[in-house]
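Engineer: I have a structure here, written as structure tokens, and I will follow up with some questions on it.
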Amino acid sequence: MAQGYTVGSVINSMDRNTNSVRESARGNQSLPVAAAFTVQSVVQEGNCMGCGTCTSACPTGALQMELDDKRGVLHPVLDESLCTQCGRCLEVCPGREVLLDDLSDQFLDGEHQQERLGRYRSLWLGAATDEPVRFQGASGGLITALLIYALETNRIDGAIVLGHDPEAPLQTRPVLARSREEILAASGSKYCPSAVNVLLGDVRKQPGTYAVVGLPCHVHAIRKWQATDPVLRERIRYVFGLFCANSNTYLGTEYFLRNQGIHPDAVQSIRYRAQGWPGEIEVRAGDLLCLFGRATTEKDVRKKTLLASAFHHDFMIPRCLVCPDQTGELADLSFADPHLSELRARVHDGISWCIARTATGENLLTDALRDGVLSVGPFPEETARRAQNYTYKEAVGGRMADWKACGRPVPSFGRSYPATRRMRRLARAYHWSFHSHHRWVWPWIRLTCICVRTPRARFRKGVGRMKKCVPKWMRPSIRRALGRKAGPGE
């Protein structure tokens, strides 16, 4: 764990003595004592990702999630008059510390371990057999189909999913879905903040069993809470994890819309993944239905660069920069797109691949397969290793080193992450994420994309085409001549 967390070190050692916590908190002169040993200190450090767990865990309701209009993120706000200074919110917060290996030992029972994929029992590839469910889902409808199946077979009484706010179409709202229709309405990806875990408190209070669908940060918080709370461990039967490179602020969507000449106030609905698979961005504004390519499918290099700017490089929630978990390592089942050229050429209705990490998750999957809800089959590990782009997460050590150099506290994950010179250089590409909440810098971000990133991307694309013309047996010699290491299989 990073040094300098006077309060965090107390909480993480499970010392619940209130007097000790108060004395530690008084060392932080930048915050009131009541706020210094709550998640308000995590927000101030920049380690909050707005998952909403703290608001559910607070026994007095002193914390509420609110939208920061300036930064386009969700964050907890403390009512000091209700705070009893118990420190419970810091115990479940994943912002400062998530001991991945310890939690993996507690909750997972997979026999296999792979550096990129984490611990797992089996790998699967397939889709929902219900065509409307498959087409409406982001990639194959596996999650939607499994949730409906679990609900209709009385395995769960409800599921926490993420929908759009009907009063604010560009914002999200978590829903405790208890019907097929509610689950279907929440299907599809949302590339913006999501405080899914604000409903964990409702789940804990209401008898029954539930499923939760979330990003790795949501899953981290759930597992931290379950590790100390047997009630929540019993109530949440299934944890579905989504593969995640990063989450974006609401400003990323606004920036994208303005680049397309659409005023955000005119938008009636938005689907980030629509029209089949891999999908397009669908925006309804007035009488217009606008479709835009996504970064994974867009052919035009300039447009692709601008899309990557809005949804990856420049409008990232800062805490995502130092998260090493891409594959939802602590979930029962983890889901992702199989970005394989051979599948894109022949599959258009949607297809997903899934990692089963626990016997509970694997049994749900095999039962749904037996009952004809899913059409899935085994997915070889060597194919899974190339079904996603893992380079961003593998370079997390460089971004952690960049944070340390800037004096920012770096979260602890119980592992060491090397930082090569190349990783540190790549970290510079994400510095706009710390400044993009200032709208006056948006023209400069766009100019950077057009004048710097687009020419680089075109150059790399040209080099890639040239490589295809070089026989494989010649490539190691060329690499040696350039002073570079040979790639895998060379």
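The values are calculated or read from the model by the stated rules, or taken from the named source; none is laboratory data. Treat the numbers as computed from the prediction; the structure is a model and nothing was measured. We place every Cβ from the backbone using ideal geometry, glycine too, and count neighbours over all the protein chains shown.
Engineer: Exactly one of these conditions fails for Leu176: (1) more than 27 Å from Glu66 (Cβ to Cβ); (2) surrounded by fewer than 18 Cβ atoms within 10 Å (Cβ to Cβ); (3) not charged (D, E, K, R). Give me its number.
Structural biologist: (1)
Engineer: Which helices (runs of 4 or more DSSP H) does the range 338-449 wholly contain that include 1 or more residues that are over 30 Å from Glu152 (Cα atoms)? Explain how you work it out, then say what you get.
Structural biologist: Working: elements: 341-344, 359-370, 381-384, 391-394, 396-405, 421-427, 442-448.
In the range 338-449, the matching helices (runs of 4 or more DSSP H) lie at 341-344, 381-384, 391-394, 396-405, 421-427, 442-448.
Engineer: In the range 249-269, which residues are more than 25 Å from Cys89 (Cβ to Cβ), in contact (Cβ under 8 Å) with a residue 24 or more places away in the chain and either under 14 Å from the mean Cα position of the chain (by Cα) or outside any helix (DSSP H, G or I) (or both)?
Structural biologist: First pass over the range 249-269, keeping only residues more than 25 Å from Cys89 (Cβ to Cβ): 251-269.
With the extra rule that they be in contact (Cβ under 8 Å) with a residue 24 or more places away in the chain, the set shrinks to 251-260, 262, 264, 267-269.
Once the filter is applied, which keeps residues that are more than 25 Å from Cys89 (Cβ to Cβ), in contact (Cβ under 8 Å) with a residue 24 or more places away in the chain and either under 14 Å from the mean Cα position of the chain (by Cα) or outside any helix (DSSP H, G or I) (or both), the range 249-269 yields Gln260, Ile262, Val267, Gln268, Ser269.
Engineer: Follow-up question, since we're still on this one. Just checking: which of the helices (runs of 4 or more DSSP H) contained wholly in the range 33-72 hold 3 or more residues that are crowded, with 19+ Cβ neighbours inside 10 Å, of a type in the set (Ser, Thr, Tyr) and under 22 Å from the mean Cα position of the chain (by Cα)?
Structural biologist: Values: elements: 33-36, 39-45, 53-57.
Of the helices (runs of 4 or more DSSP H) lying wholly inside the range 33-72, those with at least 3 residues that are crowded, with 19+ Cβ neighbours inside 10 Å, of a type in the set (Ser, Thr, Tyr) and under 22 Å from the mean Cα position of the chain (by Cα) span 53-57.
Engineer: With the structure loaded, tell me whether Arg134 is of a type in the set (Lys, Arg), at negative phi and not in a loop (DSSP other than H, G, I, E, B) or whether it fails that test. Give the steps one after another, and end with the answer.
Structural biologist: Numbers: of a type in the set (Lys, Arg): yes; at negative phi: yes; not in a loop (DSSP other than H, G, I, E, B): yes.
In short, yes.
This table checks each residue for (1) exposed (fewer than 13 other Cβ atoms within 10 Å of the Cβ); (2) over 17 Å from Phe243 (Cβ atoms); (3) under 24 Å from the mean Cα position of the chain (by Cα).
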site	(1), (2), (3)
Asp367	no, yes, no
Pro378	yes, yes, no
Arg385	no, no, yes
Thr391	yes, no, yes
Gly414	no, yes, yes
Thr420	yes, yes, no
Arg424	no, yes, yes
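Engineer: Let me spell it out: the conditions are (1) assigned to a helix (DSSP H, G or I); (2) closer than 19 Å to Val133 by Cα, and Phe311 meets all of them except one. Which number is the exception?
Structural biologist: Going through the list (1) assigned to a helix (DSSP H, G or I); (2) closer than 19 Å to Val133 by Cα, Phe311 breaks only (2).
Engineer: Same structure again: Looking at (1) surrounded by 21 or more Cβ atoms within 10 Å (Cβ to Cβ); (2) outside the structural domain of Phe379 (by TED's automatic domain parsing); (3) of a type in the set (Val, Ile, Thr); (4) touching a strand residue (DSSP E or B) at 6+ places or on another chain (Cβ under 7 Å), can you tell me which one Ile143 breaks?
Structural biologist: (2)
Engineer: If you go through the range 169-216, how many residues are free of Cβ contacts under 8 Å to residues at least 24 places away in the same chain and closer than 21 Å to Cys48 by Cβ?
Structural biologist: 2
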